[in-house]
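Working notes, structure below.
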Amino acid sequence: MSPEASRKLRAALVDDEELARQVLREYLARHPEIEIVSECANGFEAVKAVAELKPDLVFLDIQMPKLDGFEVLDLIGPAPAVIFVTAHDNHAIRAFEVHAVDYLLKPVGFDRFEAALARVKERLAANAQKQSHSLPSAADLAAAARPPAQYVDRIPVREGTSVVIIPATKLDYVEAQDDYVALVSQGKKHLKQQTISSLEAALDPSRFLRIHRSYIVNLERVSRLEPYGKDSYVAVLADRVQLPVSRAGYSRLRAFLDR
Amino acid sequence: MHPILGHLRRMVLYLAAWVPLAALLAYLLANTHAMDIREALVLAFPLCLVYAFVCLSAWYPCRVTPLERTGASKLAATHFLGALVATALWIFVAKMLTDELSESAAFRGLDRRFAAAVPLLVGTGVLFYLLSVAFYYILLGIEVSRDAEARVMQASMLAREAELRALKAQVNPHFLFNSLNSISALTGSDPAKAREMCILLGDFLRRTLGLGEKSAIPLGEELSLIHAFLAVEKIRFGSRLNMVENVDPQAVNIAVPPLLLQPLVENAVAHGIANLVEGGCIQLNVALHEGVLSILVENSFDPDAPVRHRNGVGLANVRQRLEARYGNRAKFGAQAAGTSFRVALEFPAEQEASAS
């Protein structure tokens, strides 16, 4: 046995209702190999606790104050295994049949809880052998879980252990940077681990447009299009920032500006 | 819109309807005024064709003087004036036509015989015009009753839809599952409290049973339903949930649609209190003033909370039910101001006996 396997599993419980956490606490008490490192009553606390304590496993409620479960999942990165615990959410059920480690429906039964825990252990053992980046990022998972035709109106971003929420209306543009996207809002850049394509899919296409492989722009900020060299263009924003526009991006942007 | 002009099919039918009228006119001309049948036909058909178009104009005075809202004298004056103008125009055209025809050898002397026929033409002109007026009033009447029928259908459909939604909304599954989860937690740590919560939940469910079938219940009954609901939620949310109630004691016997306020309080918990880390307060005010019941549900909420898309369904349901029942006598307003969200209702106070 490796020392890795004998280490205790570290779990965080996230639910705004004390009684809901109490059920999980009671069930976990029968598992000496699992240690509860944190209990959180809202999304902000959860993000902070996961960043600081790096638990292996998070039990996550969906409807909570401050940040909902999807937004928390979006921010905590791919490291911990997440089990959703929710009273009633068809979208979550559909999404997590595909992606998440597991989901539990309230009221949570003990047998079902044990099955979920077994799956987590399997998953963690498998991950220990595989490269971790073979897993899709948490933000991409959360984006895939979003019901169709429902776009985000705010984007939570983690900065250290705290959370910044950027309302979609205040987002000027997005720039892809390797595995990250830089979200620019009111002159400030916020980095987030997510692909630009999954962010593009989450944003309302009538307000945001992919103008380049690496850029999404808030259409309200575009003041004009200017030629830049031979048959290429830049979009000039209200604050004079210039963004490159690809050929495909140009025709899409032209169609919008002409309307 | 003119019911005939601009519709080719209707126009053809309309002109076809004038053929027997033209035949009648020809018959009268031939029999009473010594015209031969050839002359009568040559006069009657073109004249009726012209008059068919003149009579189309009768639609416009009919439309601006609807039967049910116009005095008899005004009706008579409008349409007789219309008839005289139309007839004068017609006689003028007829005169021109006969003058033209009598130039030719075949119709020599027709203008003299026509002069004798003028009183007959005036009579038929007025009569045909008034016939058109009657025809248009019938069309208008059909249109009005069809509109009314559609409105009644729509109103009853809305009412039924609202009722159905009220039935469905009776027990929010989310509330039920969360409560069961709380009970399950308590069975381990505090069995007495678990039993209490079972009883409270049972009490609430029993009260909601059968409510959807009633058209009205006393306000007091709705308030005890709310109390039962809040007693359950209080165990879930603990000190986060607080309630202040200010109810006019005279109002408790007023008849209200069942499950009108409970969804508002449920919203206040789900979208207000549940999103606040420290919790908050729900305020319920009920006032009765000059036969009008005013209800205010106000709760603290976090304007930056994650958006829940079920939001507003409950509010829309309440507004539609108020509209279906009280029409424009009911008022409904919902608005967020800072960290408080308020829903205000106003509707006529009906005594319990007159309702249901």
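The values are calculated or read from the model by the stated rules, or taken from the named source; none is laboratory data. The model shown is predicted, which means the values in this text are computed figures rather than measured ones. So basically every Cβ, Gly included, is an ideal-geometry build from the backbone, and we count neighbours across all protein chains shown.
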Out of A:LEU199, A:LEU183, sole residue that is part of a helix (DSSP H, G or I), within 24 Å of A:LYS48 (Cβ to Cβ) and out of contact with any Phe, Trp or Tyr (no Cβ under 7 Å at 6 or more places or on another chain)
A:LEU199
Qualifying positions in the range A:200-220 - at pLDDT below 90 and crowded, with 18+ Cβ neighbours inside 10 Å:
A:ALA202
Within the range A:31-68, how many residues turn out to be in a loop (DSSP other than H, G, I, E, B) and either surrounded by fewer than 18 Cβ atoms within 10 Å (Cβ to Cβ) or assigned by TED's automatic domain parsing to the domain that holds A:PRO156 (or both)?
4
Within the range A:152-198, take every residue that is of a type in the set (Lys, Arg) and surrounded by fewer than 20 Cβ atoms within 10 Å (Cβ to Cβ) and give me the one that is farthest from A:GLU71 (Cα to Cα).
A:LYS188
Across the range B:104-122, what is the total count of residues that are within 60 Å of the chain's Cα centre (by Cα) and either among the aliphatic types (A, V, I, L, M) or not assigned by TED's automatic domain parsing to the domain that holds B:TRP90 (or both)?
8
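Condition check ((1) within 36 Å of the chain's Cα centre (by Cα); (2) crowded, with 17+ Cβ neighbours inside 10 Å) across all residues:
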site: B:LEU24; (1), (2): no, no
site: B:LEU29; (1), (2): no, yes
site: B:TYR51; (1), (2): no, yes
site: B:ALA58; (1), (2): yes, yes
site: B:PRO61; (1), (2): yes, no
site: B:GLU68; (1), (2): yes, no
site: B:SER73; (1), (2): yes, no
State which residue pairs qualify: first residue without any contact (Cβ under 8 Å) to a residue 60 or more places away in the chain and inside the range A:22-48, second residue surrounded by fewer than 18 Cβ atoms within 10 Å (Cβ to Cβ) and among the acidic types (Asp, Glu) in any location, beta carbons under 8 Å apart, and separation of 6 or more residues or different chains.
A:ALA41/A:GLU18
Go through the range B:173-187 and give me each residue that's more than 7 Å from chain A (Cβ to nearest Cβ) and of a type in the set (Phe, Trp, Tyr).
B:PHE175
Matching residues, the range A:115-134, being surrounded by 13 or more Cβ atoms within 10 Å (Cβ to Cβ), modelled with pLDDT of 80 or more and more than 25 Å from B:PRO173 (Cα to Cα)
A:LEU117, A:ARG119, A:VAL120, A:LYS121, A:ARG123, A:LEU124
Report whether or not B:GLY327 is exposed (fewer than 14 other Cβ atoms within 10 Å of the Cβ) and either on the phi > 0 side of the Ramachandran plot or assigned to a loop (DSSP other than H, G, I, E, B) (or both).
yes
So which residues in the range B:188-237 are over 28 Å from B:ALA251 (Cβ atoms) and among the acidic types (Asp, Glu), if there are any at all?
B:ASP190, B:GLU196
